[in-house]
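Single-structure report; data block below.
The values are calculated or read from the model by the stated rules, or taken from the named source; none is laboratory data. Treat the numbers as computed from the prediction; the structure is a model and nothing was measured. Note that we place each Cβ from the backbone using ideal geometry, even for glycine, and neighbour counts take in every protein chain shown.
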Amino acid sequence: MKHPSSHASSVRQPMNTEGANDSSRPEFWNTRFAAGKTPWDYRGVPDRLKTCLSRTKPGRALIPGCGSAYEVAAFHAAGWSVTAIDFSPVAVERAKNLLGSLGELVVLGDFFKHPFGKSVFDVVYERTFLCALPPRLWKDYATRMRELIRPSGKLAGFFLYGEEPEPPPYPMTSAQAGELFERDFVLIGDEPVTGSLPVFAGKERWQEWTRVQCQEKAIGR
């Protein structure tokens, strides 16, 4: 979810506007990317992610809801095998244009349905994806993360907490996060974020959730 280039803004083909007010539909994001209305766009790689990559052994990473996918280059440079996915054709076109030869790592598809294969990921990077989803889809998000992240792997990134009178974004509470993740994940890192964009200011936290087996969680209790 990042700001569109002039190329993306100049796209002239007709767009399907059905679902343009529903953030769970690609049309919602297509219209915003095409119009340049993307207040969530960081226009680069957050320092907190750079720090994480510098101290983490490379593996397989997934970036869901990648938007302009700036972070693909950072993961790749750090030695990771990275896949990014977004269901907005306009966003994916922008990402491919920005990334050049690394654009092949960006997939147009639905995170919830895309056939990633039997392979699982060491890290799934969260950045403005969960908070873009209406709360009715949060349980589906948690279930999909359980499917895609290997035991001892991580769901890591920026999570939004608080209240928002006119969503999206859709921030959550600590209680909601616990309900979503505590069955299959353990929170091992949690810290406030500085330098947030205005739309996220005071609400972002960097968190790292480690995937556990059910029996491991039972023993831990």
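So the values come out like this:
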read-out	value
Flag if residue 119 is under 20 Å from residue 72 (Cα atoms) and either outside any strand (DSSP E or B) or among the polar types (S, T, N, Q) (or both)	yes
Long-range neighbours under 8 Å by Cβ, at least six apart or interchain, first residue under 19 Å from residue 48 (Cβ atoms) within region 135-164, second of a type in the set (Gly, Ala, Ser) and at pLDDT below 95	162/202
Qualifying residues in region 111-155 (those that are basic (Lys, Arg) and farther than 21 Å from residue 190 by Cβ) - the one surrounded by the fewest Cβ atoms within 10 Å (Cβ to Cβ)	118
Residue in region 68-88 that is nearest to residue 36 (Cα to Cα), counting only those that are surrounded by fewer than 22 Cβ atoms within 10 Å (Cβ to Cβ) and among the small types (Gly, Ala, Ser)	73
All positions within region 156-178 that are farther than 13 Å from residue 205 by Cα and surrounded by 20 or more Cβ atoms within 10 Å (Cβ to Cβ)	169
Residues that are of a type in the set (A, V, I, L, M) and either within 21 Å of residue 151 (Cα to Cα) or touching a His at 6+ places or on another chain (Cβ under 8 Å) (or both), drawn from region 54-83	61, 62, 63, 82
Check on residue 141, aromatic (Phe, Trp, Tyr) and over 23 Å from residue 21 (Cβ atoms)	no
